[in-house]
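Student: My questions all concern the structure below.
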Amino acid sequence: MPKTGPTLKIGRPKALLPDRTHYCAGCGHGVVLRILAEIIDEWGIRDRMVGMAPVGCAVLLYQYLDIDMCEAAHGRTPEVAAGIKRARPDLLVFSYQGDGDLAGIGTNEIVHVANRGEPISVIFINNAVYGMTGGQMAPTTMPGQKTTTTPKGRSIVNEGFPLRVSEMLATLEEPVYIERCVVGTPRDIRRTKNAIKKSLRVQRDLKGFSLIEILSPCPTYWRVPPNKAVAYIEEYFEEVFPRGVIKDKTK
Amino acid sequence: MPQTEQKVLITGNVAAAEGAVRAGCRFYFGYPITPQNDLPEYMSARVPEVGGVFIQAESELAAISLVHGAAAAGGRAMTSSSSPGISLKQEGISYLAGSELPAFIVNVQRGGPGLGDVRPAQGDYFQATRGGGHGDYRLIVLAPHTVQETCDLAYEAFDLAEAWRCPVLLLSDQQLGQMMEPVDLPPMKNIPDVQDHPWALSGARSGREKRIVKSFYWRPGELEAFNKRLREKYLRMEKELPRWQTDHADDADIILVAYGTSARIARDAVRHARQEGIRAGLVRPITLWPFPAAPLLEAAKRGARFLVVEMSWGQMVEDVKLALYGTAAPVDLCWRSGGGVPTVHEVTEHVRALAKE
């Protein structure tokens, strides 16, 4: 048989429960959800993994993944994750957070959890908007980007520049691995999956803190068609949030 | 600190800490605030000594969130603070109550509102007994009046919290927290660092069903059904948990009602009044929620009147009136606020005046 390139994976991962998600068409959350479920199946870690669902669009994450899960107050997600990890260090713990949760109300928590080097994996979905509440400005909203609370576009004078938390965290001593990925082309998605796997390995083998920021489409509140959202990330968001490894102490 | 039973001279704050450690607390998370600093300072050495985790968090919000996580994983986790810091923790306390997680919280009250002062006060009574954060819930609220009792109630707190799946708040104050008294230390309980409660997050081992610790119910009717169940639990608690102590209350015409530091002063006032032939007595609630109505109703049936002594300008007095609802018993209030502590003389004068009416 000639090689035909990567096989298409069809069917639902076992760790992804047969529930209809509430995500909008073209939303990136579902892709990351599937990546997590695939890793849980491939590594057989259902019995070792505990996840944190944030407040925001991913609040129902606990409903979709077939693993033990916990909820946190808005922004406190990584501290609750750290509490679980401190109590049961053998678990693999991830904190799944949006940009409002991590870069807005939870800025303090993410900085100090990273600074203490808590051995958890943070999955940071950056779609530059508050989705759950109806499309308001996020700390990562782009200059000029229209949201329901920046009807004329984000003004740098009034609202400041988008916050690059991953770069900020990379200045700290303790974080081991920080990478910004994209939910975009199949290649981008594979890259994202590999980054999440690496983050879990950093947690398991090096007992270190890592964070994977994922630029993720929100066609609904960007007011762009789903099939144009990926190009929108590449052409627009990556000006401020370029993809790539931001910090890697494993090398 | 010795592992066996022994008599020691310690502060109320250290007594709360050591009582909790001996009860199996292996996770302490806190943030500095006066007048409870000797509690986290003590824990910073003590908890690692017994193989546990101490973290000085970056904020009260983070400290209570760490408690949330460790409790969800089955650990006996606690935090402590003082009034302004407890206000900040209310977010997490509401989530703990909504997630039905056991946890232990100590509030060494200081004067308020706002930054207030660092003197003894009882102005957080409403906050403590009405849940404190957003939503429809209660906490088990314990009110010690000596350093020994602070240790004993802390020692019992996790058992109550786990039995009822409800956070327990110990309501102390600056005076009770920072004074020293001799304490008989209880023996170490033999509790695993993390327990395998049927709800605890431990990894879905051996194909067991996954567990979710959450307080979010988004489908219509789900939250109401959950809150109904919570209410039924609280009603059972109201039947089973109220605890109090009486002093000369059986034949008293004037019943003083006081908790914590105020109760120590009220007890002395009762003695002075008795020496003068005034039949005064004391009912001292040990649980502030659920509030012990029974001893008050019993005294009211005998025709007693009531004098509430508290270091706030009138909070517990409302629970006393609620307890006596439907009776004709008069209820008076002797109060100091904003860091003021009533003197025995002041309270005794009040009792004398009532006796003359």
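The values are calculated or read from the model by the stated rules, or taken from the named source; none is laboratory data. Note that the coordinates shown come from a computational prediction; the quantities given were computed from them, not determined experimentally. Here the Cβ positions follow ideal geometry from the backbone for every residue, glycine too, while neighbour counts run over all protein chains shown.
Student: Restricting attention to the range B:47-79, and to residues there that are of a type in the set (S, T, N, Q) and crowded, with 20+ Cβ neighbours inside 10 Å, which single residue is nearest to the other protein chains (Cβ to nearest Cβ)?
Tutor: For the range B:47-79, the residue satisfying everything is B:65.
Student: Here's something else I'd like to know. I'd like to check something: does the range B:247-255 contain any residue that is closer than 27 Å to residue B:109 by Cα and away from chain A (no Cβ under 14 Å)?
Tutor: Yes, that holds for at least one residue.
Student: A follow-up question, please. Which strands (runs of 3 or more DSSP E) does the range B:99-216 wholly contain that include 2 or more residues that are closer than 30 Å to residue A:55 by Cα?
Tutor: B:104-109, B:140-142, B:168-173
Student: Hey, another quick one. With the structure loaded, tell me whether residue A:71 is modelled with pLDDT of 95 or more and farther than 21 Å from residue B:65 by Cβ or whether it fails that test.
Tutor: Details: modelled with pLDDT of 95 or more: yes; farther than 21 Å from residue B:65 by Cβ: no.
No, not satisfied.
Student: While we're here: Taking the condition of being more than 18 Å from the chain's Cα centre (by Cα) and closer than 22 Å to residue A:120 by Cα, how many residues in the range A:131-189 meet it?
Tutor: Number satisfying all stated conditions: 4.
Student: Hey, could you check the range B:310-354 for residues that are of a type in the set (A, V, I, L, M, F, W, C), over 17 Å from residue B:126 (Cβ atoms) and out of contact with any Lys or Arg (no Cβ under 7 Å at 6 or more places or on another chain) and say which is surrounded by the fewest Cβ atoms within 10 Å (Cβ to Cβ)?
Tutor: B:328
Student: Next up: Go through the range A:136-167 and count every residue that is without any contact (Cβ under 8 Å) to a residue 12 or more places away in the chain and of a type in the set (Lys, Arg).
Tutor: Qualifying residue count, the range A:136-167: 1.
Student: What are the residues in the range A:48-64 that are of a type in the set (A, V, I, L, M, F, W, C), closer than 18 Å to residue A:31 by Cβ and more than 8 Å from every other protein chain (Cβ to nearest Cβ), if any? Lay out the reasoning, then the answer.
Tutor: Initially, the range A:48-64 is screened for residues of a type in the set (A, V, I, L, M, F, W, C), giving A:49-50, A:52-53, A:55, A:57-61.
Among the residues that remain, those that are also closer than 18 Å to residue A:31 by Cβ are: A:53, A:57-61.
Those that are of a type in the set (A, V, I, L, M, F, W, C), closer than 18 Å to residue A:31 by Cβ and more than 8 Å from every other protein chain (Cβ to nearest Cβ): A:57, A:58, A:61.
Student: Sticking with this one: Restricting to the range B:13-37, what's the tally of residues that are part of a loop (DSSP other than H, G, I, E, B) and either under 17 Å from the mean Cα position of the chain (by Cα) or buried (at least 24 other Cβ atoms within 10 Å of the Cβ) (or both)? Spell out the reasoning first.
Tutor: So the first thing to find is which residues in the range B:13-37 are part of a loop (DSSP other than H, G, I, E, B), and the list is B:23-26, B:31-37.
Subset that is either under 17 Å from the mean Cα position of the chain (by Cα) or buried (at least 24 other Cβ atoms within 10 Å of the Cβ) (or both): B:23, B:25-26, B:35-36.
Count: 5.
Student: Taking the condition buried (at least 24 other Cβ atoms within 10 Å of the Cβ) and touching a strand residue (DSSP E or B) at 6+ places or on another chain (Cβ under 9 Å), does residue B:288 pass?
Tutor: So residue B:288 passes the test.
Student: Quick one: which residue in A:39, A:45, A:110, A:35 is within 10 Å of chain B (Cβ to nearest Cβ) and of a type in the set (Val, Ile, Thr)?
Tutor: Only one candidate passes the filter, namely A:45.
Student: Oh, and also: So which residues in the range B:248-271 are farther than 15 Å from residue B:176 by Cβ and buried (at least 18 other Cβ atoms within 10 Å of the Cβ), if there are any at all?
Tutor: Result: B:249, B:252, B:254, B:255, B:256, B:257, B:269, B:270.
Student: Could you please give the count of residues in the range A:150-199 that are buried (at least 21 other Cβ atoms within 10 Å of the Cβ) and part of a helix (DSSP H, G or I)?
Tutor: 7
Student: Would you say residue A:63 is over 16 Å from the mean Cα position of the chain (by Cα) and more than 19 Å from residue B:52 (Cα to Cα)?
Tutor: Details: over 16 Å from the mean Cα position of the chain (by Cα): yes; more than 19 Å from residue B:52 (Cα to Cα): yes.
Considered against the rule, which asks whether it is over 16 Å from the mean Cα position of the chain (by Cα) and more than 19 Å from residue B:52 (Cα to Cα), residue A:63 comes out as yes.
Student: For residues that are more than 7 Å from chain B (Cβ to nearest Cβ) and surrounded by fewer than 24 Cβ atoms within 10 Å (Cβ to Cβ), tally how many sit in the range A:66-78.
Tutor: Count: 1.
Student: Here are some residues: B:30, B:19. Which one is in contact with a Cys (Cβ under 6 Å, 6 or more places away or on another chain), away from chain A (no Cβ under 12 Å) and not aliphatic (A, V, I, L, M)?
Tutor: Details: B:30 fails: in contact with a Cys (Cβ under 6 Å, 6 or more places away or on another chain).
Step by step, each of B:30, B:19 is checked, and only B:19 is in contact with a Cys (Cβ under 6 Å, 6 or more places away or on another chain), away from chain A (no Cβ under 12 Å) and not aliphatic (A, V, I, L, M).
Student: While we're looking at this one, here's another question. Quick test of your reading of the structure: residue A:103 fulfils all but one of (1) of a type in the set (A, V, I, L, M); (2) out of contact with any helix residue (DSSP H, G or I) (no Cβ under 6 Å at 6 or more places or on another chain); (3) more than 10 Å from every other protein chain (Cβ to nearest Cβ). Name the failing condition by number.
Tutor: The failed condition is (2).
Student: Here is a follow-up. Just a yes or no: is a residue in the range A:130-139 outside any loop (DSSP other than H, G, I, E, B), among the hydroxyl-bearing types (Ser, Thr, Tyr), more than 30 Å from residue B:51 (Cα to Cα) and touching a strand residue (DSSP E or B) at 6+ places or on another chain (Cβ under 6 Å)?
Tutor: Checked the range A:130-139: at least one residue is outside any loop (DSSP other than H, G, I, E, B), among the hydroxyl-bearing types (Ser, Thr, Tyr), more than 30 Å from residue B:51 (Cα to Cα) and touching a strand residue (DSSP E or B) at 6+ places or on another chain (Cβ under 6 Å).
Student: Being buried (at least 19 other Cβ atoms within 10 Å of the Cβ) and not aliphatic (A, V, I, L, M) is true for just one of A:47, A:101. Which residue is that?
Tutor: Result of the check over A:47, A:101: A:101.
Student: Follow-up question, since we're still on this one. Looking at this structure, is residue B:234 under 30 Å from residue B:98 (Cβ atoms), of a type in the set (Ser, Thr, Tyr), touching a Phe, Trp or Tyr at 6+ places or on another chain (Cβ under 9 Å) and free of Cβ contacts under 8 Å to residues at least 60 places away in the same chain?
Tutor: No, not satisfied.
Student: Is it the case, given these coordinates, that residue B:280 is within 30 Å of residue B:152 (Cα to Cα), touching a Pro at 6+ places or on another chain (Cβ under 7 Å) and either in the same structural domain as residue B:144 (by TED's automatic domain parsing) or crowded, with 21+ Cβ neighbours inside 10 Å (or both)?
Tutor: For residue B:280, the condition - within 30 Å of residue B:152 (Cα to Cα), touching a Pro at 6+ places or on another chain (Cβ under 7 Å) and either in the same structural domain as residue B:144 (by TED's automatic domain parsing) or crowded, with 21+ Cβ neighbours inside 10 Å (or both) - is not met.
Each row is one residue, and each column tells you yes or no for (1) within 14 Å of chain A (Cβ to nearest Cβ); (2) touching a residue at least 60 places away in the same chain (Cβ under 8 Å).
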residue: B:196; (1), (2): yes, yes
residue: B:207; (1), (2): yes, no
residue: B:238; (1), (2): no, no
residue: B:265; (1), (2): no, yes
